[in-house]
1. Under a plain spin-label model, where a point goes 7 Å from the Cα along Cα-to-Cβ, how far apart in nm are Thr108 and Ala30?
2. Over 23 Å between Cα atoms: which of Lys55/Lys89; Lys51/Lys122; Lys33/Lys63 fall into that group?
3. Between Thr73 and Lys55, what is the label-to-label distance in nm when each label sits 7 Å out along the Cα-to-Cβ direction?
4. Residue by residue through the range 107-113, which ³J(HN,Hα) values in whole Hz follow from phi under the Karplus form 6.51 cos²θ - 1.76 cosθ + 1.60 (θ = phi - 60°), with glycine and proline marked x?
5. Compute the Rg to Rh ratio over the range 64-122 from the alpha carbon atoms, using the Kirkwood formula for Rh, and round to two decimal places.
6. Please compute the Kirkwood hydrodynamic radius of the range 54-98 from all pairs of different C-alpha atoms, in Å with one decimal.
7. Going by average Cβ neighbours within 10 Å, how do the peptides 93-104, 59-70, 110-121 rank, with the highest at the top?
8. I need the semi-axes of the equivalent ellipsoid of the range 19-122: take the C-alpha gyration tensor, multiply each eigenvalue by 5, square-root it, list largest first in whole angstrom.
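Since every read-out is calculated from the coordinates, none of them should be taken as a lab result. All values derive from a computational prediction rather than experimental measurement. Glycine also receives a Cβ, built like all others from the backbone with ideal geometry; neighbour counts cover every protein chain displayed.
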Amino acid sequence: MKIQNVLSKFAALLVAGSLSFGAFAAEDAAGVKKATEEALKASQDALEQAKSGQKDAAIASAKLYRQKAKEITGAGAGISLQKAMGYAKEAATDLEAGNNAAAVEKLTDVVNRMTAINNETK
C-alpha cells in the first residue's frame, strides 16, 4: 500500500510539473512588449484567416493568440486582455460550428483590444 501512495504522489508531481511549463510569463518590460506584439500578430492572423475562410488555420491562430496572451503581465494584463482572450475562445468555438460571421466579429474585437494594449505597452 505504501508504495502505491508514493507512486501516486510522484505521478501527481510529474503532471503538475509538466503543466507548469505551458506558458511563461514575461519577466521584464522588453519581454512584456514582445509577448504583446506576438499576441497581436496571432490575433491579426486569426482574423485574416477567418475572413478568408481558412477555418483550421484561424482556429490554430486563435489558440496561439490565447497562449501568447497568457504571457502578458503588468498593466497590459487587465480586464481588456481578459475579455479579448474570452472572445478569442468564443471565436474558435464559432469557427468550429461553422459560424464564420460571428467569429470575424469577435476576432475584430480581439484585434482592436490587442492594438490598444500594444500601443499602451512600453
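1. Taking the two extended label points, one gets 3.8 nm.
2. On the way: Lys55/Lys89 14 Å; Lys51/Lys122 30 Å; Lys33/Lys63 20 Å.
Where the Cα-Cα span goes over 23 Å, the pairs concerned are Lys51/Lys122.
3. 3.9 nm
4. Going residue by residue, I get 5, 4, 5, 4, 4, 4, 5 Hz, with x marking Gly and Pro.
5. Working: Rg = 11.7 Å, Rh = 11.6 Å.
Dividing the radius of gyration by the Kirkwood radius yields 1.00.
6. Working: mean 1/r = 0.0921 Å⁻¹.
After inverting the pairwise mean of 1/r, the radius is 10.9 Å.
7. Working: 93-104: 16.5, 59-70: 21.2, 110-121: 18.5.
The packing order, highest mean first, is 59-70, 110-121, 93-104.
8. Working: eigenvalues 109, 36, 23 Å².
Three semi-axes, in Å: 23, 13, 11.
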